[in-house]
There are 2 protein chains.
Amino acid sequence: MKIIEGTIASPKGFHAAGLHSGLKKTKKDLGMIYSDVPAAAAAVYTTNQVKAAPIFVTKEAMVDATIQAVVVNSAYANACTGKIGAENALAMQALAAEQLAVPKETVAVASTGVIGKQLPMEIIEKGIKQIDLPTANPYDFHEAILTTDTSTKEIVVSAKINGQTVTMAGVAKGSGMIHPNMATMLAFITTDAQISSELLQGILADKTETTFNQITVDGDTSTNDLVLVLANGLAENPMIEIGTPAYETFVEMFQLVSEALAKLIAKDGEGATKLIEVEVVGASNPSDARLAAKKVVGSSLVKTAMFGEDPNWGRIICAVGYAGSQTDPEKIDMWIGQQQLLKHSQPQEFDEAEMKQTLEKEKILITVDLNIGEAKGKAWGCDLTYKYVEVNALYHT
Amino acid sequence: MKIIEGTIASPKGFHAAGLHSGLKKTKKDLGMIYSDVPAAAAAVYTTNQVKAAPIFVTKEAMVDATIQAVVVNSAYANACTGKIGAENALAMQALAAEQLAVPKETVAVASTGVIGKQLPMEIIEKGIKQIDLPTANPYDFHEAILTTDTSTKEIVVSAKINGQTVTMAGVAKGSGMIHPNMATMLAFITTDAQISSELLQGILADKTETTFNQITVDGDTSTNDLVLVLANGLAENPMIEIGTPAYETFVEMFQLVSEALAKLIAKDGEGATKLIEVEVVGASNPSDARLAAKKVVGSSLVKTAMFGEDPNWGRIICAVGYAGSQTDPEKIDMWIGQQQLLKHSQPQEFDEAEMKQTLEKEKILITVDLNIGEAKGKAWGCDLTYKYVEVNALYHT
């Protein structure tokens, strides 16, 4: 398995495009993905009870777990937009289907941006009609889905599966409202592997638990989140069956792509200067480990301490204590980077100069050993900075 | 019932003192409360699994629900301090008991401040020995318990109960790590009412749910939280019995004191410029209403929007959506101040100039009607500002 250069259109038979339609002032704001053949598909959606209109349209398209195209706009979330919003999401689906000459039930729709404003449909329509896949640069899609993100987020991997080269590509956007259970996060994963939608859905649900759902920027869960996976089978590997080495390889690829995208999202949290990775080990079960890791990485006090480059283990152990995971408060070990700060919940001497160097880095690793079991789990987040406040206080509706 | 000027020592037979012992550079850092007679007592403690040493000492003292004195230090939390910390908390109790000539089992101990550093016991000892209640100014106690608070927090009320004037006083500290279920929050309530500790504990538990546990500053729950109530009976009212008008009056006093302290803590959150009150009505039950209110007031995106004085109802409805309360996403009404922003989840026209004035104020009221039931609940918090990041990033261990 190797990481390669590429785009969301690197797997065989996939095409993608993105352009500036006019929803944003100058940046790209409309994108499409297309597969030469209908693809087996899997999706997970926001858990927010208030869901955006495109979520319903995509869920409906996913009834037969087959998708051939995806249309995405940024700048407008099309959430809290009532009947008109629902009609607009359906219209967006129909326009994309017409442009690509595919049945509209095979088109997934996603939106991200401001809540409560109606999509300007003339702009959307004009934009969709401008998309010309044969001449398009697929990388433009990566840009077209961004909101306050400061960089595109992508990863492409390839591996041999039963003698065939299989490619998998992932692209995502994140930034704000990033927390548990899908945030204003959109992630699209394409692969030319041949695999059933049932297996794909199982793998996605499983890996979402340990990757996308383990990142937090600000504790808010958005109305629009979506991870969508398309597998079009054009690598012509024999159909992947559960329990085989081919399945293991595919799951490994999926884990690599999902974790890489999750980390990229966490690192590019609004205003962030650092990626924080928290690993909890020695827990009584994996979900307890993940819960504690996510509470630590989500603590505003830990996040500001990391911004201030202060090894404030008191705030970390405090977050472990209120996480709700099974814990023996007297047994906690803790490290930042390679340096141990706590042994059995008691402070340890450490080299301050070395710690300063560790905390100056762009990636900080916090390890907590609960010393009560064998299970472990990770979570990713970012520091809380002046810039976060600026981005979110100056943003006006 | 009326609000009166006064201190924690306003109820009959209570005395209090505070001084600068040397734990902080110049500010007061050590305080005591004393009752002329043993008082019926009630307490609620932090829910954090990692608890500070003084919490254990106070719990032990509370076994018979009788307390005569309280000793509190700020600057050091005495949390994660192991056996030495436990011994120091006991020593603090013994020193206070000796100074006041009361049994040490009647002395409650509380600490607040930095986690993981041992109390400098020589300073504590010297400080306790300097306390002279007859000459002390009780207001100094209000100052002595503060950490990053910018002002003292107190309220005193009096009412007639069965012909006797009963006084109740509350004093608190808050600021950071303020969230559900007790935060770095200390609150002390004294009253000269005659009431059993059983009734007192019931009232405290009940009112904590709707007041202290409904405030959030940063989502962190501290290791040291404590609300302690002392009722010494010196008002000489007939013993308050449940279900009587006297009981109703006492509960009303308690509600007024608890809610006032809770709001004062929320308003003085680290870096805060505004108090935000969220009331959720039309919920299917009170705990759902409180949950939704607390999620809205705790959302970093809502908090930054309020700092930016932007009526960002999208972030508010988003928080309602992920709160986990029973909700019909199509039926939500919303107001900021007197202006309606949403009717049945659809945006309404509003006067922008008037909204600007509403949002410029120091207190902002957000009302959400779920329109599915009759229950309601409130929560209080503050805006998220540059200053919050500064206070917590520049703070070094």
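The values are calculated or read from the model by the stated rules, or taken from the named source; none is laboratory data. It should be emphasised that the depicted structure is a prediction, and the values quoted were computed from it without experimental measurement. Don't worry about glycine lacking a Cβ; one is built from the backbone with ideal geometry, like all the others, and counts go over all protein chains shown. The accessibility values were calculated without ligands, DNA or RNA, using every heavy atom of the protein model including side chains. Shrake-Rupley method; radii C 1.70, N 1.55, O 1.52, S 1.80 Å.
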I need every pair where a residue in the stretch B:79-101 that is in the same structural domain as B:A17 (by TED's automatic domain parsing) and without any contact (Cβ under 8 Å) to a residue 60 or more places away in the chain has its Cβ under 7 Å from the Cβ of a residue that is acidic (D, E) and open to solvent by 20 Å² or more (accessible area, probe 1.4 Å), sequence separation at least 6 or different chains. B:L95/B:E125
Being surrounded by fewer than 21 Cβ atoms within 10 Å (Cβ to Cβ), among the hydrophobic types (A, V, I, L, M, F, W, C) and assigned to a loop (DSSP other than H, G, I, E, B) narrows it down to one of B:V37, B:V50, B:V63, B:V102, so name that one. B:V102
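Taking the options B:A323, B:A289, B:A319, name whichever one is more than 10 Å from chain A (Cβ to nearest Cβ) and either open to solvent by 10 Å² or more (accessible area, probe 1.4 Å) or under 27 Å from A:T47 (Cβ atoms) (or both). Let's see the steps before the verdict.
Numbers: B:A323 fails: more than 10 Å from chain A (Cβ to nearest Cβ); B:A319 fails: more than 10 Å from chain A (Cβ to nearest Cβ).
Selected residue: B:A289, the only one of B:A323, B:A289, B:A319 that is more than 10 Å from chain A (Cβ to nearest Cβ) and either open to solvent by 10 Å² or more (accessible area, probe 1.4 Å) or under 27 Å from A:T47 (Cβ atoms) (or both).
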Based on this model, can you work out whether B:E349 counts as without any contact (Cβ under 8 Å) to a residue 24 or more places away in the chain and away from every other protein chain (no Cβ under 12 Å)? yes
Please indicate, with yes or no, whether at least one residue in the stretch B:238-251 is in contact with a Ser or Thr (Cβ under 9 Å, 6 or more places away or on another chain), buried (at least 21 other Cβ atoms within 10 Å of the Cβ), touching a residue at least 12 places away in the same chain (Cβ under 8 Å) and assigned by TED's automatic domain parsing to the domain that holds B:T7. yes
Looking at the stretch A:183-218 only, could you name the residues that are among the hydrophobic types (A, V, I, L, M, F, W, C), farther than 16 Å from A:A43 by Cβ and either assigned to a helix (DSSP H, G or I) or open to solvent by 10 Å² or more (accessible area, probe 1.4 Å) (or both)? none
Here is a list: B:T358, B:T385. Which entry is within 11 Å of chain A (Cβ to nearest Cβ) and open to solvent by less than 90 Å² (accessible area, probe 1.4 Å)? B:T385
Return the residue satisfying two criteria in turn: it lies in the stretch B:326-346 and is under 21 Å from B:G381 (Cβ atoms) and over 31 Å from the mean Cα position of the chain (by Cα), and of such residues it is nearest to the other protein chains (Cβ to nearest Cβ). B:L342
Before we move on, is A:S21 in a loop (DSSP other than H, G, I, E, B) and of a type in the set (S, T, Y)? yes
Modelled with pLDDT under 95, buried (at least 24 other Cβ atoms within 10 Å of the Cβ) and not aliphatic (A, V, I, L, M): is that true of B:G269 in this structure? yes
Out of B:L264, B:L228, B:L301, B:L234, which single residue is closer than 26 Å to B:N48 by Cβ and over 22 Å from the mean Cα position of the chain (by Cα)? B:L301
Is it the case that some residue within the stretch A:348-355 is closer than 15 Å to A:I316 by Cα, buried (at least 18 other Cβ atoms within 10 Å of the Cβ) and not small (G, A, S)? no
Considering only the stretch B:1-26, state which residues are farther than 18 Å from B:T249 by Cβ, charged (D, E, K, R) and in contact (Cβ under 8 Å) with a residue 12 or more places away in the chain. B:E5, B:K24
With respect to A:L342, is the statement that it is open to solvent by less than 30 Å² (accessible area, probe 1.4 Å) and among the aliphatic types (A, V, I, L, M) true? yes
It is to be established whether one or more residues within the stretch A:302-317 are within 23 Å of B:T112 (Cβ to Cβ) and among the aromatic types (F, W, Y). yes
Does any residue in the stretch A:115-133 that is more than 25 Å from B:P311 (Cα to Cα) come within less than 8 Å, Cβ to Cβ, of a residue that is among the acidic types (D, E) six or more places away or on a different chain, and which pairs are these? A:G127/A:D29
How many of the residues in the stretch A:121-137 are out of contact with any Phe, Trp or Tyr (no Cβ under 8 Å at 6 or more places or on another chain) and either of a type in the set (A, V, I, L, M) or open to solvent by less than 50 Å² (accessible area, probe 1.4 Å) (or both)? 7
Assess whether B:V297 counts as being open to solvent by less than 10 Å² (accessible area, probe 1.4 Å), away from chain A (no Cβ under 14 Å), under 25 Å from A:C80 (Cα atoms) and touching a helix residue (DSSP H, G or I) at 6+ places or on another chain (Cβ under 9 Å). no
Of the conditions (1) surrounded by fewer than 20 Cβ atoms within 10 Å (Cβ to Cβ); (2) touching a residue at least 12 places away in the same chain (Cβ under 8 Å), the single one that A:H142 does not satisfy is (1)
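Have a look at B:V297, B:V280 and point out the one that is assigned by TED's automatic domain parsing to the domain that holds B:Q326, modelled with pLDDT under 95 and among the β-branched types (V, I, T). It would help to see each step written out before you state the result.
Details: B:V280 fails: modelled with pLDDT under 95.
Just a single option satisfies the conditions, and that option is B:V297.
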